[in-house]
Amino acid sequence: MSGYEYGNARLRAMKSRLLSEADYRVLARSESLDDLIGALTRTAYRRAVEAALVRVGEPEAISYALSQDLIATARRIRAFYEPPAQHMLAIILRSYDVHNLKTILRGVERGAAPDEIRALLLPIGDLTEALLDDLVQMPSLRAAIDRIATLRLPQAAALTAAQAGRTDAILSDLELALERWYFETAMQQAQAGRGEAASLREALAVDADLTNLLTVLRLVHAPGERAALQRRIEPGGWRALFVGPGRLPFALLESAVAEPALAGVADVLRQSIYAVPLRAGVEAARRSGRLSDVERSLKRWRLRWRAGLIARDPLGTGVPLGYLALKVNEIGNLRWIARGVRARLAADAILAEVEWVA
Amino acid sequence: MSREMARVQIIGLKPALLPVIRALGELGCVHLDRAADAPELLLQPLSVDAALIRAQEEISRHFAQVKGLLDMLGIARRAAPPAGMTVEPLDVIYARIAELVPQVRVLKAQQDALRAERELLARFEDTMRQLLPVFPPMARQPDSVSFGLLVSRSHADVLTLIASEVGRITQGRAETATAAVGEALCAMLIVVPRAYADPVNALLDREDVSRLRLPREFSTDSPDAAIAALRRQLNALPGRLAQVEQDLAALAQRWEDRLLLWSDRLQDELDAYEVIASAGETGMTFVLLGWTPEDEVERVQRALYERAGDAVEIIRLPVTPEERRHAPVLLANPAPVRPFEALVRLYGLPGYDVLDPSRLMALFMPIFFGMMLGDIGYGALLLGLVFLVRRRLKPGMMHSLTTVLAYGAGWAIVFGVLFGEFFGRLGESFGLHAILFDRASEDHLLDLLALSVGVGGMHLVLGLLLGLWEGARQRSRHHLLERGGRLLGLIALFLLVGALVEVLPDGLITPAAALLVIGTVLLGASLGRIGVLMAPIEMIGLVGNVLSYLRIAAIGLSSVYLALVAGEIAGTVGSVVVGVIIAALLHALNLVLGAFSPTIQSLRLHYVEFFRNFYEGGGRPYQPLAFRLPHVHEQGKEAS
Amino acid sequence: MMETGLMAIGAGLAIGLAALGTGLAQSRIGAAGAGALAEKPDLLGAIILLIAIPETVVILGFATAAMILLLG
């Protein structure tokens, strides 16, 4: 017994209830939020929507329903497993703490409205909705970090250390500190997970790679920023900005930073597993001039890679990794569809931004 | 077998649609299909006007809210609608929902806020409690102000610098203390006279360290006051939460029956609209397509005439063999067989036009059960227990299972007589002897095995014959080849074994081998190209299927031996009382195993070995339009 | 005498090891089956089938044990 049979079987059954392409088409064709609410009651979100219609007014019902559905799903999944499998699941879910804190810090720094930040959170990690909600209301980046320290959240030490190390801690330093904190603690705990956690270790490495790749791409895309940063970082070199190492050695990434154009980065990494999405993304970015196209291509690849883990590792951490990636992606899609419907975008325009794995 | 179904078409003038739907919903015996699924009738989907769509949307939104309210107030569904209550018209229901929703919304929001507060305050209090012992004494003097700093332990040296800077600003009148907080953080507490509060505050804001930051209502100048305020607030929370929960419970109690009634009412409305969406039209008329049991057609006809007169007509449509295959299934077996329908349904509902194995299962399953348990004592005891339990069960799966057990217990008594068993060998003392053979005796082990395999062989042959018959009826070459091949193989197998153990003449070996080869070839032919590989494997699987019936012998033996052990142990213990207690306990254990294990095992023999030879399931359940409450659609909203 | 003892051990091993294997397989299938069942209750029939499949192994073990004892 590996401890994953029961939970993984449930997750695979739950996976069959995720929305299909046809469902997305129906939802995207909604003519109003009312319509969309009606359409959602004919999906697996029925219960969440019914509750939301009582809990909040109709305009906020969808976003409330989606968050609550996600929270309830994560709570359910936690109960599927017992230690040690449960610990591995907790590590996977904890990565969303990092996402949430990064989102809050970013939002607070640019003075976003609390509701706007809330709509982007995925409160399924160790940090509960109540804690995140408190942080969302902080007036400044500093105040947010003060509150994280006062509440003694697990990430407090990493954040205060990043803050103390700089005369003017900027957002990217804090984000890097969070990413590193997660990679290091998660990798260390995942070592205890034997063979069943092999997928988890691999996923951590891939995520570190993707974070680093985005850093490299950003630097190459903005030579001015690269030059300014070069003076700031320690003599240790660009690796001061990297997480990991994952599968890609730091030396390789550093050589990629020196490339004059995005295409060069794709070239340096042509041997890696990221070669195909990188090349496709760089090609798209070359046409549009937007770096976000590369980011999107890598994100799409990551989703497919994670979803593929369900088949590749049916009796280990692969299934929860894959299912959660798909579920979180679905929530993102639905949030986007709700925004699109509210803004009266055409169904095709909405669908163009929706990601699904067939 | 399914009840005979008639395919019916209901045609009427459009204004009669709603009365017709109402009549059908109250009758509850017409299973409706989508008109679009019958392309040969060339029907347009019924066009509906915007007002109707709006009305439907309104119903579904209110239905969703009612479901949400039921969920949130923790009200469970009941089997029957609350009795003795009249259902309000829809607009009254809507108004009451609009009145109830805000009340629940406010209470639920309060509940959430209080829970969040409880979580946050507990964390703040925890941090403060860790710091309290190290606060410098000056913090408790009236005219001083305290500050807290928090920093990662690896950067604790920053604190020293800040301390000296604070000392400089206050001209040495500040007091500081540092302490570890948890594993990763380090805190410094600074207390300064009130006069220096502003410059120190400004300094700390400039430095890159985190400040202890409590919510404004707790950030007093004194740590003791802050903790006291936190505690006060925390102490008040359980009471406030309990009050909110009490209010919610009161709401739930007050509205429970109404909400359940509304839920049924709105669900009926939605079902009716669903029918409108599935209807077709030709010019001035609407068309509904469906199925109803043959013997109900007249009743439906009468009811429709009463409700809509000449404006509606019901026509019996001819049924093609293909349509017949997909007719909805309503199993109708004699009462004694009905409990087995549930077991067949677990595997898959039979198709309309295929053999329903319920009756076969009702015959064989109890026999297998009886062969395994095979004890007069256990059988009688089980029968008694079943009748005790049955009376308290509502009709359903458990009720069906007790009936199955009762049949099995009856056969266990029969086989108990044949094997001469009464609580093991207890019967010997009053002259009970095996009629067939004594299962527990070493000399009869081979007989027992042969009996099991023999029964199994016959069961399989019967299944294959039925399979051939079904294959012929469906004109399926594939099924005929496959089942014919398996049947030949099975016969060959028995002949071979019979000849090898010299029960049958030696001369049969050659023809049997030939039969085996022919069977394998037939089986292979049914599988197509991979047949060359798969047919021999399937044949070996067939041996497995036959041997699988050995479980009848195996479970039977374990049951006998446990009974024997119970008897033996009771005999070896010195004290009679202790002996009887031990024996009773072991017999009780055996009885539990004896009720459970043979049920599962004979179920398996049916599902895995028997059914696969002739039965596939995949039937479409008969789900007629049936309203939960009377008087739907009194509003008279009309379709265009 | 010695031979009878060895036969008994052989028969015991035949059924014991087969039972062990069946148990191992059934525990995993059972856990997964319970999981699938929690999400899709209509799969009960199919899951009973899946759980029942490894049982053939222990029945074969039983047949082998019986043969050792009967034919020996």
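Points worth noting:
- Identity of the residue in segment B:57-92, among the polar types (S, T, N, Q) and surrounded by 15 or more Cβ atoms within 10 Å (Cβ to Cβ), that ends up nearest to A:Ser32 (Cα to Cα): B:Ser60
- Residue that is surrounded by the fewest Cβ atoms within 10 Å (Cβ to Cβ), among those in segment B:571-615 that are in contact (Cβ under 8 Å) with a residue 24 or more places away in the chain and small (Gly, Ala, Ser): B:Ser597
- The set of residues from segment B:283-308 being touching a helix residue (DSSP H, G or I) at 6+ places or on another chain (Cβ under 8 Å) and either under 21 Å from B:Gln44 (Cβ atoms) or without any contact (Cβ under 8 Å) to a residue 12 or more places away in the chain (or both) comprises B:Met284, B:Thr285, B:Phe286, B:Val287, B:Leu288, B:Leu289.
- Among the candidates B:Ala242, B:Ala277, B:Ala228, B:Ala184, residue that is assigned by TED's automatic domain parsing to the domain that holds B:Gln141, among the small types (Gly, Ala, Ser), surrounded by fewer than 17 Cβ atoms within 10 Å (Cβ to Cβ) and out of contact with any strand residue (DSSP E or B) (no Cβ under 6 Å at 6 or more places or on another chain): B:Ala228
- Condition check for A:Gly244: modelled with pLDDT under 90, over 25 Å from the mean Cα position of the chain (by Cα) and in the same structural domain as A:Val265 (by TED's automatic domain parsing): no
- Candidate set: segment B:401-436, residues that are over 43 Å from the mean Cα position of the chain (by Cα) and of a type in the set (Gly, Ala, Ser); chosen: the one surrounded by the fewest Cβ atoms within 10 Å (Cβ to Cβ): B:Gly431
- Subset tally (residues that are among the hydrophobic types (A, V, I, L, M, F, W, C) and at the interface with another protein chain (Cβ under 8 Å from one of its Cβ atoms)) for segment A:133-143: 1
- The residues on offer are B:Gly484, B:Gly463, B:Gly420, B:Gly416, and the sole one that is touching a helix residue (DSSP H, G or I) at 6+ places or on another chain (Cβ under 7 Å) and either basic (Lys, Arg) or within 18 Å of B:Tyr549 (Cα to Cα) (or both) is B:Gly463.
- Selection status of A:Asp146, assigned to a helix (DSSP H, G or I), under 30 Å from A:Ala65 (Cβ atoms) and within 13 Å of chain B (Cβ to nearest Cβ): no
- Single unsatisfied condition, B:Ile53 versus (1) away from chain A (no Cβ under 14 Å); (2) without any contact (Cβ under 8 Å) to a residue 60 or more places away in the chain: (1)
- Residue identified as buried (at least 16 other Cβ atoms within 10 Å of the Cβ), more than 9 Å from every other protein chain (Cβ to nearest Cβ) and either in a helix (DSSP H, G or I) or among the small types (Gly, Ala, Ser) (or both) among C:Ala14, C:Ala32: C:Ala14
- Residues that are away from every other protein chain (no Cβ under 14 Å) and assigned to a helix (DSSP H, G or I), drawn from segment B:319-357: B:Pro321, B:Glu322, B:Glu323, B:Arg324, B:Arg325, B:Arg338, B:Pro339
- Criterion violated by A:Gly111 - all others in (1) in a loop (DSSP other than H, G, I, E, B); (2) under 26 Å from A:Ala208 (Cα atoms) satisfied: (2)
- Of all residues in segment A:120-140, exactly one satisfies the criterion of being closer than 19 Å to B:Ala113 by Cβ, in contact (Cβ under 8 Å) with a residue 40 or more places away in the chain and of a type in the set (A, V, I, L, M, F, W, C), namely A:Leu121.
- All positions within segment A:74-98 that are surrounded by fewer than 19 Cβ atoms within 10 Å (Cβ to Cβ) and assigned to a helix (DSSP H, G or I): A:Arg75, A:Arg76, A:Arg78, A:Ala79, A:Gln86, A:His87, A:Ala90, A:Leu93
- Candidate set: segment B:190-212, residues that are small (Gly, Ala, Ser) and within 14 Å of chain A (Cβ to nearest Cβ); chosen: the one surrounded by the most Cβ atoms within 10 Å (Cβ to Cβ): B:Ser210
- B:Arg620 satisfies every condition listed in (1) over 22 Å from B:Phe368 (Cα atoms); (2) touching a residue at least 40 places away in the same chain (Cβ under 8 Å); (3) in contact with a helix residue (DSSP H, G or I) (Cβ under 9 Å, 6 or more places away or on another chain) except (3).
- Among the candidates B:Glu298, B:Glu313, B:Glu281, the residue that is under 19 Å from B:Ala626 (Cα atoms) and of a type in the set (Asp, Glu) is uniquely B:Glu298.
- Single unsatisfied condition, C:Gly23 versus (1) surrounded by fewer than 16 Cβ atoms within 10 Å (Cβ to Cβ); (2) more than 14 Å from chain A (Cβ to nearest Cβ); (3) farther than 30 Å from A:Arg17 by Cβ: (2)
- Condition check for B:Met361: under 16 Å from B:Ala595 (Cβ atoms), under 27 Å from the mean Cα position of the chain (by Cα) and within 14 Å of chain C (Cβ to nearest Cβ): no
- Considering residues of segment A:48-62 that are more than 7 Å from chain B (Cβ to nearest Cβ) and either charged (D, E, K, R) or in contact with a Leu (Cβ under 8 Å, 6 or more places away or on another chain) (or both) only, the residue nearest to B:Leu69 (Cα to Cα): A:Ala48
- Unmet requirement for B:Arg612, which otherwise passes all of (1) of a type in the set (Lys, Arg); (2) part of a helix (DSSP H, G or I); (3) at pLDDT below 85: (3)
- Pairs linking a residue in segment B:347-358 that is assigned by TED's automatic domain parsing to the domain that holds B:Gly471 and aromatic (Phe, Trp, Tyr) to a residue that is buried (at least 20 other Cβ atoms within 10 Å of the Cβ) and part of a loop (DSSP other than H, G, I, E, B), with Cβ atoms under 9 Å and 6 or more positions apart or on different chains, are B:Tyr347/B:Pro357; B:Tyr347/B:Tyr615; B:Tyr352/B:Ala327; B:Tyr352/B:Gly619.
- Residues that are farther than 30 Å from A:Leu53 by Cα and within 9 Å of chain A (Cβ to nearest Cβ) were ranked within segment B:102-127; the one that is surrounded by the most Cβ atoms within 10 Å (Cβ to Cβ) is B:Phe124.
- Pairs with Cβ under 9 Å, 6+ apart, first in segment B:152-181 and assigned by TED's automatic domain parsing to the domain that holds B:Asn201 and closer than 16 Å to B:Arg206 by Cα, second modelled with pLDDT under 85 and outside any helix (DSSP H, G or I): B:Val158/B:Glu207; B:Val158/B:Asp208; B:Val158/B:Val209; B:Leu159/B:Val209; B:Leu161/B:Glu207; B:Ile162/B:Glu207; B:Ile162/B:Val209; B:Glu165/B:Glu207
- Taken over segment B:280-337, the criterion of being within 37 Å of the chain's Cα centre (by Cα) and of a type in the set (S, T, N, Q) is satisfied by B:Thr292, B:Thr320, B:Asn333.
- Qualifying residue in segment A:168-183 (condition: within 11 Å of another protein chain (Cβ to nearest Cβ) and at pLDDT 90 or above): yes
The values are calculated or read from the model by the stated rules, or taken from the named source; none is laboratory data. What you see is a predicted model; the values in this text were computed from it and never measured. All Cβ positions, even for glycine, are placed from backbone atoms using ideal geometry, and neighbour counts span all protein chains on display.
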